[in-house]
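Step one of this worksheet: look at the structure below.
Each value in this text was obtained by applying a stated rule to the coordinates, not by laboratory testing. Since this is a predicted model, take the numbers as computed values, not measurements. Reconstructed Cβ throughout: ideal geometry from the backbone, glycine too, with neighbour counts over all protein chains shown.
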Amino acid sequence: MRAAPGKNHFELFGLPVAFDIDAGDLASRYRELQRRVHPDKFANASDQERRLSLQMTAQVNEAFQTLKDPARRGRYLLSLRGVDIDAETDTAMDPAFLMEQMEWREGLEELRQADNPRKRLVELANRLEQGMQDKIARFRQAIAGDGPEATARARNIAREMQFLEKLRREIDDLEEELL
Amino acid sequence: MALFQISEPGQAPAPHERRYAVGIDLGTTNSLVACVRSGVAETLPDAKGRHLLPSVVRYLAQGEPVVGHEAQAVAHEDPLNTIASVKRLMGRGVEDVRKLGKSLPYEFSRGDSAMPRLRTAAGERSPVEISADILKTLKQRATETLGTEINDAVITVPAYFDDAQRQATKDAARLAGLSVLRLLNEPTAAAIAYGLDKNPQGVYAVYDLGGGTFDISLLRLNRGVFEVMATGGDSALGGDDMDHAIAEWIMREAGIQDDAGHKQMRRLLRDARAAKEALTGVERTPLRIDLGGGKVWQGELTRDRMNSLIDPLIDRSLAPCKRVLRDAGIRTGEVDGVVLVGGATRIPRVRAKVSQFFGREPLADIDPDKVVAIGAALQADVLIGNKRDEEMLLLDVIPLSLGLEIMGGMVEKVIPRNTTIPVAKSQDFTTYKDGQTALLVHVLQGERELVSDCRSLARFELRGIPPMTAGAARIRVTFQIDADGLLSVSAREQTTGIESSVTVKPSYGLTDNEIEQMLRESIAHAREDDAARKLREEQVEADRLLEAVRGALNADGALLSADERASIESGLNELQAARGGDDAASIKRAVKKLDQATQTFAQRRMDENIRKALAGHKLDEFGASRGKSPS
């Protein structure tokens, strides 16, 4: 069902397979691609081309969504190295991170009971964003190496980022609830 | 002496070579059709010069249905056969209709299909068929006005329409003999009419107060990409409520009893409406009410008085405005422009309050009744290929998340709302019992976690999974959503390759067979031959393909080797020959053959497109983007 078989997301965008991406450049490549492949450009074309255009646009959209978000991009890079971060859930997590997780969770729980939850929510969201940036910086370092050890380290950080993403969604949901 | 006309190179072809495609606003209260002629988008009037077509259809025991003003005029005499506001029923199931309850004065029958059917003098009619009758009237109008058969249209839908409602709209178009170039969100259409897509970026509010419904949408534009950030409204608020408020005031002033007869009430509402419209231009208007029995009451309505009567209603519209701003997470000051849609936004008080609320003058120089149809016509003109606008790009997002039912009556989201479409996504699922050989795929749309709180779109079964232990099977379910927001789903068991796929013909939709049946019936009704219709359909398809492939050869023939080109040209000749005959089946075969022959060509053209898209960008060497700040 792939319209550009054999091309990974980076190649589709004409980019090197690397963690660092310039957001503005990525967005501009995305728009140029959309202008050429979007089904609206093929409203009069043959069924063959319209099908292809639909698949291609979906692939371009998927690639863009993956590449523009650092945590998703990181997971995708690992998957290109053959690492599925969801595969073995039994791998021990860093005890320090487990502690950190508990603190985040407690923070979220306390917040529900707090007098001024909305203000606390903003503070928590900001702290979370900071935590995410730290992880991104550590991930960048880890993924730059290419030995199995470096990859394993990157994988662990990617799993931590995944946890923070989940927390971020919960904070968003809570924000909606509090409105 | 006649002079030859020479068009500037690269300009639009001469008028007689232009292809026409129309924009249609299929509204709850009124519908319109618009078209770009000589570079100007305008709505098309009927023979009597009326642009609005009331969305009212009356079915008679014999003959064609009556659509529009004539149907509306007799609605109160023949309420069961005269269907108004059918848009509210589009894509709805029998259960939904029951919830809408007594507000619908029609008789429903329950057939095999989950789609409600209305009993009329002409037999049972589904909402899709009734909408198709409105579309046929508009298609006919366009065909007569433009002097050429109109087959292609952009049709607008509310931004919040779910998959079932969009699919129902597309089915109605198909029944009416229209090919849908694109289903376009109404607020996006209004923004296009104002040329807002030409701006690089901004946040726009589209305030749409119609006869019976109010919609508010916030759109974010970023270099041609329109994203619906949030949408809300009140499905029971509109200009009609203002007429009621004014009529009640007249009754109090004139001493008319609450139990005024049906006829008198209608007259009062008509007078109230006339007064409301008059007060758009003047400060005061005289009233003269016939009380029956030769008695007449005379009075006056001032604009101030009217404002005090309608203020509570306008204020009601501001509550959803606040809500969507909050949903989108922006302040009023961040809104770059406000677009007014719907007849009730002509009222000066509405404009003043909207302007005050958003802190800026709304855009209002396009007739608010016509603005959506005009935007749709502009987009239709681009899509049919009259305008080579490389910059124009309209991407929509899905308004509601799509997901699948998993254990415990929970929904697993596969595509979250506000995802840019088209999109394809896969998710793997597994069996939960040892030896399980079938899997029920239940597709849902909505934001809630429980199946019972979401809207069921479709169910289908993947059978023939080889017996395995629980959790061993890998079933990959793939959702694909096209540019119209329509969904198709397929499922595949990864270890065996067993596959099952459906275009989501939703729980409340029509099956392809039902549509085919309806087409046959409606053609029989028009005393046309079924075979003639099939032939005509194949010919239209053949013409489209011939033109498309010739155009592609002209543009990109260089991508082909001599042999490849020869094989495509032989396919072209074969189809051209079949097209000249009257055998639908052989045209169909030739179409298929040519389509096959162009497979490689299509892929190369697509690759070439991608190459051109990235041509302006340096193909980065590894490391070229190092050191820049990551997103």
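For the reader, a short list of remarks on this structure follows.
- Convex hull volume of the Cα atoms of the protein assembly as shown, normalised per residue: 223 Å³.
- Site pair B:Arg550 and B:Asp583 shows an inter-label distance of 2.4 nm when each label is modelled 7 Å from Cα along Cα→Cβ.
- Within 10 Å of the Cβ of each residue in A:55-68, the mean number of Cβ atoms contributed by other protein chains is 4.
- Taking 7 Å steps out from each Cα toward its Cβ at B:Ile498 and B:Arg305 produces label points 7.6 nm apart.
- Full extension of the segment from B:Glu541 to B:Glu569, taken as 0.36 nm per residue of separation minus the current Cα-Cα distance, would add 8.3 nm.
- Extended-chain gain in nm, criterion 0.36 nm per residue less alpha-carbon gap, B:Ala319 and B:Met265: 16.4 nm
- Here the protein assembly as shown is assigned +1 on the Cβ of each Lys and Arg and -1 on the Cβ of each Asp and Glu. Its dipole about the Cα centre then comes out at about 640 debye.
- Cα-Cα over 27 Å, subset of A:Lys41/B:Lys139; A:Lys7/B:Lys425; A:Lys7/B:Lys588; A:Lys41/B:Lys170; A:Lys41/B:Lys198: A:Lys7/B:Lys588
- Sites B:Glu70 and B:Val282, calculated FRET efficiency, Cβ-Cβ separation with R0 41 Å, nearest 0.05: 0.85
- Nearest-0.05 FRET efficiency for A:Ala27 and A:Arg112, computed from C-beta distance (R0 51 Å): 0.90
- In order through the stretch B:274-285: 3J(HN,Hα) via Karplus (6.51 cos²θ - 1.76 cosθ + 1.60), integer Hz, x for Gly, Pro: 4, 5, 4, 5, 4, 6, 5, x, 10, 8, 8, 9
- The protein assembly as shown: calculated mean residue ellipticity at 222 nm from DSSP helix runs of at least 4, using -39500 (n - 2.57): -14500 deg cm²/dmol
- Prolate/oblate/rounded label for chain A (Cα gyration tensor, a/c 1.5): oblate
- The stretch B:122-231 - percent relative contact order, Cα under 8 Å, separation 6 or more: 21 percent
- Taking max minus min of the alpha-carbon positions on each principal axis, chain B gives extents of 89, 84, 67 Å, largest first.
- Across the stretch B:211-349, Cα pairs under 8 Å and at least six residues apart give a relative contact order of 28 percent.
- Neighbour counts of other Cβ atoms within 10 Å put A:Glu62, A:Glu100 in the fewest-to-most order A:Glu100, A:Glu62.
- Shown for B:Ser31, B:Ser85: other C-beta atoms within 10 Å of each C-beta, ranked fewest to most, produce the order B:Ser85, B:Ser31.
- The stretch B:287-353 and the stretch B:537-562 have their alpha-carbon centroids 53 Å apart.
- Global form of the stretch A:11-84, assessed from the alpha-carbon gyration tensor, a/c cut-off 1.5: prolate
- Placing dummy labels 7 Å off each Cα toward the beta-carbon, the span from A:Met102 to B:Ala558 is 6.8 nm.
- For the stretch B:261-365, the square roots of the Cα gyration tensor eigenvalues, ordered a ≥ b ≥ c, give a/c of at least 1.5 with a/b greater than b/c, which places it in the prolate category.
- Exposure proxy ranking for B:Arg305, B:Arg611, based on other Cβ atoms within 10 angstrom of each Cβ and starting from the fewest, stands as B:Arg611, B:Arg305.
- Working from Cα pairs under 8 Å separated by at least six residues, relative contact order for chain B is 12 percent.
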